[in-house]
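Derivation of every value follows stated rules applied to the coordinates shown; laboratory data play no part. What you are looking at is a predicted structure, and each value in this text was computed from that prediction instead of being measured. Positions of Cβ are generated from backbone atoms using ideal geometry, with glycine treated the same way; all protein chains shown enter the neighbour counts.
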């Protein structure tokens with residue numbers, strides 16, 4: 001019983017912290033380090049994202065991906081034109097080719113948007129986890 | 001929910017720790033700053049009581065709060081935030097303590113100091129803990145601080161110190177005996193002083 005009260009008293013003594021004259025300075029140092037850490041993290045993520053985007057874009061240019069997309073778009077257009085000759089598929093092909101928009105540029109834009117979306121997702125994921 | 005959050009944001013200084021933790025989890029560094037303001041003294045004092053010099057204690061206390069912010073999602077609110085961050089600080093200090101190979105030195109000192117007498121606590125327990133802890137060997141001080149300051153069980157302390165459970169128990173027992181003896185002496189001194197002035 002005496003032992004328990006002594007241990008309880010000891011715990012309570014440990015819980016009582018003496019006041020520190022530089023308490024505010026300490027808090028400012030911790031929050032400062034926290035802010036600096038996040039600023040660095042944002043900078044690193046941004047730089048990596050930019051570098052990744054530039055490298056990816058250059059690699060795509062070098063590999064002639066856009067030319068291939070163009071060719072793919074042309075092939076798709078031909079397929080759709082063939083399909084349009086079939087009565088059952090006419091409705092769908094008309095929908096896809098309406099306004100003459102289904103060409104290589106549409107594929108480029110879709111691909112770029114998908115890439116951007118993936119980049120944003122990765123950036124967000126890095127920030128959260 | 002949004003209104004409650006807005007209220008907490010507007011009254012951070014009076015908000016409960018758990019509300020501030022919830023805000024910190026969303027990335028609110030201001031809320032975490034309030035938690036630091038509230039609990040920094042406790043963490044700094046614990047580290048000094050464990051035997052860290054003031055500069056080291058402050059470095060580790062800062063690291064402990066930064067670690068706490070990074071790992072805030074792991075805080076489940078089952079205990080007090082202050083206890084959680086103290087445990088983090090104690091573990092960080094232990095890591096450094098081990099790295100500096102002080103443990104070997106401490107064990108050597110233990111052997112030199114040997115056993116001391118014990119006493120019985122008086123009813124009016126008044127103790128200058130910081131002064132009393134200085135009479136303990138580093139290992140006793142570490143074990144007592146871990147168990148009574150950081151809230152670790154004997155088994156957890158043994159695991160953290162990488163020391164057999166029996167050794168931790170004996171360090172704690174000897175440490176408590178020394179503190180108790182010191183406390184009795186302090187109480188007697190205080191009584192004597194009161195009588196002489198009365």
Original post:
By counting other Cβ atoms within 10 Å of each Cβ, how are A:54, B:165 ranked from fewest to most?
Top reply: A:54, B:165
**OP:** Please give the contour-minus-distance gain from residue B:153 to residue B:29: 0.36 nm per residue of separation, less the Cα-Cα distance, rounded to one decimal in nm.
**Re:** 41.5 nm
**OP:** Would you mind computing the Rg to Rh ratio of the range A:30-78 from its alpha-carbon coordinates, Kirkwood style for Rh?
**Re:** 1.43
Original post:
Between residue A:43 and residue B:13, what is the FRET efficiency for a Förster distance of 35 Å, r being their Cβ-Cβ separation, to the nearest 0.05?
Top reply: 0.65
**OP:** List B:142, B:25, A:109 from most exposed to least, where exposure is judged by having the fewest other Cβ atoms within 10 Å.
**Re:** A:109, B:25, B:142
Original post:
If the range B:32-104 were replaced by its equivalent ellipsoid, with semi-axes equal to the square roots of 5 times the Cα gyration tensor eigenvalues, what would those be, largest first, whole Å?
Top reply: 21, 13, 10
**OP:** Could you work out how far apart the two model spin labels at residue A:5 and residue B:165 are, taking each label as a point 7 Å from the Cα in the direction of the beta carbon, and quote it in nm?
**Re:** 3.0
